[in-house]
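The values are calculated or read from the model by the stated rules, or taken from the named source; none is laboratory data. Bear in mind the structure is a predicted one, so any value in this text is a computation, not a measurement. Please note: Cβ atoms are built from the backbone with ideal geometry, for glycine as well, and neighbour counts cover all protein chains shown. These accessible areas exclude ligands, DNA and RNA; they are computed on the full protein's heavy atoms, side chains included. Shrake-Rupley method; radii C 1.70, N 1.55, O 1.52, S 1.80 Å.
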Amino acid sequence: KQPSLPRLINEVLKLVSVRMSGKVKWTKVFGRTVKFIALIFAVVACPVLCRHGELSSPQRCGMVLVAVLVLNIAEVMPLYCTSLFVPVLGTLCAVLGKDRSIVTTSSLLVANIFNNSSFTVLGALVINGIFVKCKLERRLMSFLTTRFAVDGPAFLLLLMMGGMAMSSVLYSASLVLLSALRPSLSASHNSKISPAVSKRILLGVAFVSNAGSAWLPISSPVNLVANALLGEFDHWISLYQWATVSIPVSTLAVLALWGALLVIYPAGGDGGGTEVQKGAEEAPEEVEEEEEEEEQEDFELTRMHYTFLGVAVCAILAITIFAARLEFLIGHPACISLAVVVITFGSGFMSRDEFLQLDWDLLALVGGTNVMAFLVRETGLGVVLSGQLLQVRTIAELPYWSLLGVLIIGTVMLSTCLGHSLTGVLLLPLVVAVGIKLQAAETTTLLCAIAVPFGMGMPQSSFDNQAAVTTSKTLGRPRVELVQRDFRGAGTAVTVVAVALLMSVGYGICNINQGGAPPPLVVSDTGTPEDLKPRVVRENLPKEAVQVEYNRRLADWKTFLSRPEQRAFAVGDLGNKMETRAWAASWGHKTQKAANEAALESCQQLAPKCHIIWPKEEEEEDAKPPEEIPDKSEGTDEPSKPGGDSKALLLGWKERRWGARLSKRVSTALARDLAT
């Protein structure tokens, strides 16, 4: 529970008036105060500013992004809780604007938590569970320890390469590898490996787990989110395009990391066998005996294990390589993931307890990212930010390669400081929008997504780094414990190498896959691409509204809804061999009936049969005023037809400004001429 404000004030006053004791720490009170202030800012200040500050939808979406960032920096709650809190924040801030009610806003945000990408992640978690159940990491460690010296460079190289490959299909590869390595490094097993070699092994496992998570589109939630975001904007990256960039870049970066670790942590020095941490000798003997029994257990793969290993491999191939060819049979790859879940648990290969042990927090994280992606597009924040970015003269004069370098460097800096997961939630939706604006969506998104796991310069940068730190503290060897300096040295080195490889090797391969380099920024900045424009939400959009071609006076359905009240929209029938409908819009009338009649009259000048699609019948009934005579002379009538720039539209607009002094017959004649 968060402490109340009076209680915090009392604690602060007590600390000021009473001498500090050993049991009370300023840092604890300060941390609580910061968390409380951050929570008040996100839950109270942001909603009040959004609702009463006359902010536009993009600005409100930006406030939600800032609130999520503040909550995570202050560590008010775990990241997966913050992700589930995004729809709540969006509703409190009325992020979709005044055109949609609070109920509609909340329904749309909650509905976007779980989509196809969420269930694809669920399938990937089950595939991860299959590999863990088969204990492949023990077989890898058994192979390496029986053939190579643990403190030799060959052992480290093969461990890093094998660990990177395992991380491409295992979300928890670092945990299982560190668990398998613990007997060789622990003081309780009288390890003779020097502290320097132990540190480089721990760091190597953590860093290659990060690098391996960039191999495939399903290797990490960040990759799945990146592909799902592109799908929301009708762009896709195939497995071939992804793997031909990620695998060479990751492999070369790991080779450079291997060399750096050998230089920074050379073999030699005092053995770690006599280094016993406080509490290590106090460990219960029963726990040690159980660990030894588990290690000595000769685990044999049965026919069932081999069968489900085949199921997991086939599922990976079906989701990544053959997804397009299987659409006629299974549809979206999310159905393949659900099929894997059903087969694995329905057959009894994995139990209910193992189902409950899946990383459900990853699903919550992906759900929050889905909502953020929806908000970035529907509020138009992607359009606004990408447009403002290209309006900066310094950036606009840069070639695409230089701008891409800025994006990649910014990505690795944020992922290093904020963590990989939070960077995926906040940054990737904006990166996709910028990429579409630059007409290089696939290249920009792919290289930035691969750059995210290469931010390794801090212990808190990723879960794998934190797992290595935690393991180092449980070995009973103080000189083996990893500190900030260890990550800052080797982690920063591999980050710099990875950025250089992405800018050279990765960029070159992307150009080959895409058939050439992206256009210059001057050519790219030709307006808002259609893919980047907000999609009109289907719940508020009549089906006929997508069958009309809007014009410069009425850009889209959202623009129509922003017009003054007492508005109406009429459309004509869709005849044979017709792709779009004739339509007319009117607004600003004294009564709804007058608006309906004006829209129908204008539409019937273009099509023989017309009907009203807005307002809906129930809204029209509510909008009827008591016995008011409609005045056709006021209001705006906007007739149009597919593919034309209507003069009647312009005349109708002027007719309202001039007080309806123009002859109605002139307007009708022009409209008929235009229809002809």
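Keeping every protein chain present and rolling a 1.4 Å probe, give me the accessible area per residue for the range 411-498 in Å².
Solvent-accessible surface per residue comes out at 28 Å².
Test of the criteria: in the range 329-411, which GluC sites (Glu not before Pro) are in a DSSP loop and have at most 15 other Cβ atoms within 10 angstrom of their Cβ?
Answer by residue number: 397.
So how far apart, in nm, are the two label points at residue 351 and residue 306 if each is 7 Å from Cα heading toward Cβ?
2.6
Taking a threshold of 31 Å on the Cα-Cα distance, which of the pairs 133/473; 437/590; 35/473; 437/609; 28/135; 35/135 fall above it?
Violating the 31 Å limit, Cα to Cα: 437/590; 437/609; 28/135; 35/135.
What does the accessible area per residue of the range 29-111 come to in Å², with a 1.4 Å probe and no ligands, DNA or RNA counted?
On a per-residue basis, the range 29-111 sits at 46 Å².
Let me check I've understood the local charge: for residue 175, count other residues with C-beta under 12 angstrom from its C-beta, Lys and Arg +1, Asp and Glu -1. What total comes out?
Charge balance near residue 175 sits at -2.
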